[in-house]
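Below you'll find the structure, written out as C-alpha cells, and then a few comments.
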Ligand code: AMP
Ligand code: MN
Ligand code: MN
Ligand code: MN
C-alpha cells in the first residue's frame, strides 16, 4: 500500500481495519438485474452490507445502468459501503469471448456510453439470430421470452439458458451451453463485440482501470493464456483478476506470477450472479501480500 497517500480512502480503510486486527472485505466483480444477475442493485447492496463488505464494484455485462440506483440507495440509507463504478465489457479475441472489467469509471462518460450502445446493439442482433437458430432446433419463442426475462437489462446467453431450462428443453443451465448456445454448438452465434484494445482505451477514457476478468476461466491452453495476457498488457491493460472464489492455491500462485512478470496490478471478485452454495459476495477474497492492488491506481 506504500504508493497510496495517507489520506486516500483505501489507506484509511486498511489502517482502520488493522487497528482491529482485520482486513477490509473487498469484492470488485458482481452482477445485478441490469444484466444476468438475479438481484436488483438495491438488493445486492443490502446483501453486501449484511455480509459486512467494505467495498463493492457492480460490473454488469456491457451496462452501467445499475450504478445510479445503487449509489442513491447507499446515500439515502446512509449505508457503510463504498460502491465502485464498474462494467464488464465483452470483447472478441481469436474466436474467444474475453471479458474486460472496467473499475472506478465515470459512468457518464460519453465515449463509454457510445461503446455501450454498440455492444447493446451487438447483443440484440446476436439474441435475434440465436432465437432463429433455436427455432430451427424446434424451440419456438425463446427469443421473445429471453427478452422478457432480461427486461431493461442487457440480454445475455444466461437468459436464453434460463428459458431453455424453464421449458424443460435442458435439465440444467450448463446443458443449455453444452448443447445449444456454447461456442460452436447448434444455436451459437458469433458475437460482434469490440476488441480488447478498444475496451481498454474506452475504460481509460472514462478514467477507469482495465482488468482482465477471470483469466483461468477461458478455455485456453497455457500458451494461449500467456499470449492473451501479453496482448492485454500491450493494449494498456492495468490488472488481472487473480483471486476468484473457485480458484485453487496453485492457480492463485500462477496468476500472481503473471502479475509480477508483466507488471500488472491485482484485482479480486466473486463474479456474483445469485446466491448459491458455492460462492457469494466477498467470500474468501483476499489478495496476497506481494502484489499491487488495483486500487493503488485510484
Ligand atoms: P453472454 O455475455 O451473453 O455471452 O453471456 C455470458 C454469461 O453467461 C456469462 O457471464 C455467464 O454468466 C454465463 N455463462 C457463460 N458460459 C456459461 C456456461 N458454460 N455455463 C453457465 N453459464 C455460463
Ligand atoms: Mn454473467
Ligand atoms: Mn465474465
Ligand atoms: Mn462477470
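Each reported figure results from applying straightforward, stated rules to the coordinates on display, with no laboratory input. Being a predicted model, the structure only gives us computed values, none of them experimental. Ideal geometry is used to build each Cβ from the backbone, glycine not excepted, and the neighbour counts take in all protein chains shown.
Brief remarks follow.
- Residue among 179, 233, 147 with the largest mean-square fluctuation in a Gaussian network model of the chain, springs linking Cα atoms under 10 Å: 179
- Fewest-first sequence of 289, 114, 231, 250 by Cβ atoms within 10 Å of each Cβ: 289, 250, 114, 231
- Taking the DSSP beta bridges with both ends in the range 17-169, the antiparallel portion is around 55 percent.
- Here the residues 96, 232, ranked from fewest to most Cβ neighbours within 10 Å of their Cβ, fall in the order 96, 232.
- Expected 222 nm ellipticity per residue - DSSP helices of 4 or more, -39500 (n - 2.57), all of the chain, to 500: -12500 deg cm²/dmol
- Prolate/oblate/rounded call for the range 183-230, Cα gyration tensor, a/c under 1.5 rounded: oblate
- Counting neighbouring Cβ atoms within 10 Å and putting the fewest first, the residues 72, 292 line up as 72, 292.
- Hydrodynamic radius of the range 118-181 per Kirkwood, over alpha carbon pairs, in Å: 11.6
- Computed E for residue 217/residue 49 - FRET, C-beta separation, R0 25 angstrom, nearest 0.05: 0.35
- Under the shape rule built on the C-alpha gyration tensor, where the axes satisfy a ≥ b ≥ c, the chain is prolate, since a/c reaches at least 1.5 and a/b is greater than b/c.
- Fluctuation leader among 109, 50, 21 - the chain, Gaussian network, Cα springs under 10 angstrom: 21
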